[in-house]
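Read through the structure below, which is laid out as structure tokens, and then see the notes.
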Amino acid sequence: MKAELQNEHRWLEQLVGTWVTIHETPEMDGNPASSVEWTETIRSLNGAWLVFEASGPMGPGETGASVMTLGYDPAKQRYIGNWVGTMMTHMWVYSGSVDASGKVLTLDCEGPDFEDPSKTLKYQDIHTIKSKDVRNLTSRCQQADGSWQEVMTMDYHRKK
């Protein structure tokens, strides 16, 4: 069976490459502010799927890593994928769409409520294309009142 690639698959191709992000951590609980650099390599599996592989420091002497897959399911008319990382045991399963501007991919998922592990919350990972060489990832979770609270945001810069 051969995958019939759609325009949505071609949209994903702009993400292929090696990216660097610097994550700023504010001073908290007596720990000084810090900044860490992660590298993410995104490769295509013959245009049908992307594989994101990221790694970087997590703390003194610790390295974290994550793997994400992302593709497009024409039958569901949705972008689909998943994410796993060394920092948790939950597999995030994505389903989403690109907005009318063609610049923002919003991936919906469900995951643990980090304040009450017996509950789950709705989350969104929002990927915004800022330019050919800069993209942003913003993650947020839905609160009990229906509002969204930002969990993190970071810019990725294409490594030249």
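Within region 139-160, the residues that satisfy the criterion of being free of Cβ contacts under 8 Å to residues at least 40 places away in the same chain and either in contact with a Phe, Trp or Tyr (Cβ under 9 Å, 6 or more places away or on another chain) or assigned to a loop (DSSP other than H, G, I, E, B) (or both) are 139, 140, 141, 142, 143, 144, 145, 146, 147, 151, 160. Of the set (1) out of contact with any Phe, Trp or Tyr (no Cβ under 9 Å at 6 or more places or on another chain); (2) at negative phi; (3) of a type outside the set (A, V, I, L, M, F, W, C), all apply to residue 77 but (2). Residues that are at pLDDT 95 or above, of a type in the set (A, V, I, L, M) and part of a loop (DSSP other than H, G, I, E, B) within region 74-115 comprise 75, 91, 100, listed in sequence order. The single condition among (1) surrounded by 13 or more Cβ atoms within 10 Å (Cβ to Cβ); (2) more than 16 Å from the chain's Cα centre (by Cα); (3) β-branched (Val, Ile, Thr) that residue 63 does not satisfy is (1).
Of the residues screened, residue 72 is one that is of a type in the set (Phe, Trp, Tyr), over 22 Å from residue 152 (Cα atoms), in contact with a strand residue (DSSP E or B) (Cβ under 8 Å, 6 or more places away or on another chain) and in contact (Cβ under 8 Å) with a residue 24 or more places away in the chain.
Residue 154: within 22 Å of residue 39 (Cα to Cα) and modelled with pLDDT under 95, yes or no? In short, yes. Counting just the residues of region 110-131 that are closer than 21 Å to residue 19 by Cβ and over 11 Å from the mean Cα position of the chain (by Cα), which one comes out surrounded by the fewest Cβ atoms within 10 Å (Cβ to Cβ)? Taking the candidates together, the pick is 131.
Scanning for something surrounded by 14 or more Cβ atoms within 10 Å (Cβ to Cβ), more than 16 Å from residue 157 (Cα to Cα) and of a type in the set (S, T, N, Q), does region 43-51 turn up at least one residue?
Just the residues of region 43-51 that are surrounded by 14 or more Cβ atoms within 10 Å (Cβ to Cβ), to begin with: 44, 47-51.
Pick out the ones that are also more than 16 Å from residue 157 (Cα to Cα) and you get 44, 47-51.
Right, trim to of a type in the set (S, T, N, Q) and you get 44.
The answer is yes, given that some residue of region 43-51 is surrounded by 14 or more Cβ atoms within 10 Å (Cβ to Cβ), more than 16 Å from residue 157 (Cα to Cα) and of a type in the set (S, T, N, Q).
Within region 7-33, residues that are polar (S, T, N, Q) sit with their Cβ atoms under 8 Å from residues that are in a loop (DSSP other than H, G, I, E, B) and modelled with pLDDT of 85 or more, at 6+ positions apart or across chains, in these pairs: 14/132; 18/159.
Only one of 53, 24, 13, 8 is in contact with a Pro (Cβ under 9 Å, 6 or more places away or on another chain) and of a type in the set (D, E, K, R). Can you tell me which?
Values: 53 fails: in contact with a Pro (Cβ under 9 Å, 6 or more places away or on another chain); 24 fails: in contact with a Pro (Cβ under 9 Å, 6 or more places away or on another chain); 13 fails: in contact with a Pro (Cβ under 9 Å, 6 or more places away or on another chain).
Answer to the selection: 8.
The values are calculated or read from the model by the stated rules, or taken from the named source; none is laboratory data. Small disclaimer: the values here were computed from a predicted structure and weren't measured. Neighbour counts run over all protein chains shown; Cβ positions are idealised from the backbone, glycine included.
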